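As structure tokens, the structure follows; a few thoughts come after it.
The values are calculated or read from the model by the stated rules, or taken from the named source; none is laboratory data. The shown structure was predicted, so the numbers you read here are calculated from the model rather than taken from an experiment. Methodologically, a virtual Cβ is constructed for each residue, glycine included, from the backbone with ideal geometry; neighbour enumeration extends over all protein chains shown. The area values use the complete protein model at the heavy-atom level, side chains included, leaving out ligands, DNA and RNA. Shrake-Rupley method; radii C 1.70, N 1.55, O 1.52, S 1.80 Å.
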Amino acid sequence: MIQDIGEHVYDNHFAQHEAGPGSYVLHYVGSTVLCKLDGEAIDLPLLSDFSDKPDLQYLFSIDDKDFFLSRSKKVAIEGFSYETVGWLRFAEPQYLLFAVATGWQLFNWYEANRHCGRCGHPTQAVPTSRELCCPACDLVIYPKISPGVIVGVIDPATERIILTKYAGREHARYALVAGFTEIGESLEQTVAREVMEEVGLKVKNLVFYKSQPWSFSDTLLVGFYCEVDGDTAITVDHSELKVADWLARSEMPDRAEDKVSLTGEMMRRFRSIGNAVLKG
Ligand SMILES: [Zn+2]
């Protein structure tokens, strides 16, 4: 998955760091990031690549490399171009893709909170932690993370799983039931509600699998498998889904090209071990 960056160590402990010539600069403009792209190989600019030092905000480190955010206007650096962040999901090495995605979530949060949402005054960075604060009305603004669930709904009697395709996407791939958590509900309640809304079924025996930061949509995804409870006849919510079907392991796509998403890993796991996913 996108956060599985091998022997590399992501450190998001907040501290003030001084940028050096070898620091990475994550420079986003609109929906793009400044990078060097050669096929699927990605590289990022270092501070030493910039002729004028940009304004920088420390974000995190990976191993001994610090990553800083720049929100200045477009710059021209030979060999680098602005590439759409959402199209970089296959970029390698994965730790740089993870840095781009994670920095992207922070960039969008900083951009959306230049001014206080309560009184309109310009916000300020808190020197000792990630939050922003409003000096006029003392509002504290925390980074935005929206929890959501991914659900593998299984019929153990026939060893099948529900796969869905979203409506409104031309080349929709099979995915799992998924949705955001609403205010006032637990993750378990989100699972029950989303499954009922999307395919009209009751579920039981939830088993937590793994979670995943998915910074492309400000999300923390939480993956569960569960059993259908009672009737297995699907009623598709066509406002959200194009199709929803029960598929056997042999009928499932493997999404082998998708190394970064929790959905892909959960689908491959059921395809590989079937009902055993319900044992946790
Ligand atoms: Zn304010």
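Going through Ser211, Ser215 one at a time, which residue ends up being surrounded by fewer than 20 Cβ atoms within 10 Å (Cβ to Cβ) and of a type in the set (Ser, Thr, Tyr)? Give the steps one after another, and end with the answer.
Values: Ser215 fails: surrounded by fewer than 20 Cβ atoms within 10 Å (Cβ to Cβ).
Testing whether each residue is surrounded by fewer than 20 Cβ atoms within 10 Å (Cβ to Cβ) and of a type in the set (Ser, Thr, Tyr) leaves just Ser211.
State yes or no: is Glu198 touching a Ser or Thr at 6+ places or on another chain (Cβ under 8 Å) and without any contact (Cβ under 8 Å) to a residue 12 or more places away in the chain? Spell out how you get there, then give the answer.
Numbers: touching a Ser or Thr at 6+ places or on another chain (Cβ under 8 Å): yes; without any contact (Cβ under 8 Å) to a residue 12 or more places away in the chain: no.
No, not satisfied.
Which of the residues belonging to region 150-167 are in contact (Cβ under 8 Å) with a residue 12 or more places away in the chain and either surrounded by fewer than 20 Cβ atoms within 10 Å (Cβ to Cβ) or not assigned by TED's automatic domain parsing to the domain that holds Ser217 (or both)? Can you show your working first?
Going residue by residue through region 150-167, those that are in contact (Cβ under 8 Å) with a residue 12 or more places away in the chain are 150-156, 158-167.
Once the filter is applied, which keeps residues that are in contact (Cβ under 8 Å) with a residue 12 or more places away in the chain and either surrounded by fewer than 20 Cβ atoms within 10 Å (Cβ to Cβ) or not assigned by TED's automatic domain parsing to the domain that holds Ser217 (or both), region 150-167 yields Asp155, Pro156, Thr158, Glu159, Lys165, Tyr166, Ala167.
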Would you confirm, using the coordinates I've provided, whether Lys165 is part of a strand (DSSP E or B) and at pLDDT below 95?
yes
Tell me, yes or no, whether region 144-161 has at least one residue that is within 16 Å of the ligand (Cβ to nearest atom) and in contact with a strand residue (DSSP E or B) (Cβ under 9 Å, 6 or more places away or on another chain).
no
Determine which single condition Val126 fails, assuming it passes every other condition in (1) of a type outside the set (Asp, Glu); (2) more than 16 Å from the ligand (Cβ to nearest atom); (3) open to solvent by less than 50 Å² (accessible area, probe 1.4 Å); (4) under 26 Å from Phe216 (Cα atoms).
(2)
Exactly one condition in (1) surrounded by 19 or more Cβ atoms within 10 Å (Cβ to Cβ); (2) assigned to a helix (DSSP H, G or I) is false for Arg193; which is it?
(1)
Cβ contacts < 9 Å: first residue basic (Lys, Arg), restricted to region 171-188; second residue open to solvent by less than 20 Å² (accessible area, probe 1.4 Å), any location; separation 6+ or different chain. Result?
Arg173/Asp258
Region 46-67 residues that are of a type in the set (Gly, Ala, Ser), paired with ones that are part of a strand (DSSP E or B) (beta carbon under 6 Å, 6 or more apart)
Ser61/Asp11
Can you tell me which of Ser186, Ser146 is exposed (fewer than 15 other Cβ atoms within 10 Å of the Cβ), touching an Asp or Glu at 6+ places or on another chain (Cβ under 6 Å) and within 30 Å of Leu278 (Cβ to Cβ)?
Ser146
With the requirement that a residue be in a loop (DSSP other than H, G, I, E, B), open to solvent by 40 Å² or more (accessible area, probe 1.4 Å) and more than 10 Å from the ligand (Cβ to nearest atom), what does region 99-123 give you?
Arg114
